[in-house]
Amino acid sequence: MRAADKDIAHFKLNRKRVFSQSIVATATTSGAVVGAVPIPFPDAAILGPIEIAQINALARVYGIPKNKASLRLCSGRLLRGGMGRSKGMG
């Protein structure tokens, strides 16, 4: 019985990994398209929602709840990452 449970857990983890890879690939492709298109305003206005959608989709795949602690963690990392990129480019 334990071997069957282990096989099921392994299958579920592999399935989550495949879903996650497709989510990241889609977001990466979207970001590359946004970066390649010459637009007269900053790309961050479009890339931000793509990143947020990617985080929400990955959280849904892995069953991460939408509570204050997880939102605080994700938003803090997004802000620090975004500010780091802005400072480096300026």
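The values are calculated or read from the model by the stated rules, or taken from the named source; none is laboratory data. Treat the numbers as computed from the prediction; the structure is a model and nothing was measured. Every residue, glycine as well, gets a Cβ built from its backbone with ideal geometry; the counts of neighbours run over all protein chains shown. The accessibility values were calculated without ligands, DNA or RNA, using every heavy atom of the protein model including side chains. Shrake-Rupley method; radii C 1.70, N 1.55, O 1.52, S 1.80 Å.
Details
- The share of alpha-carbon pairs in the range 1-55 lying farther apart than 16 Å comes to 56%.
- Accessible-area order (highest first, 1.4 angstrom probe) of the listed residues L47, L71: L71, L47
- Environment charge of V24, counting only residues whose C-beta is closer than 14 Å and scoring Lys/Arg +1, Asp/Glu -1: +2
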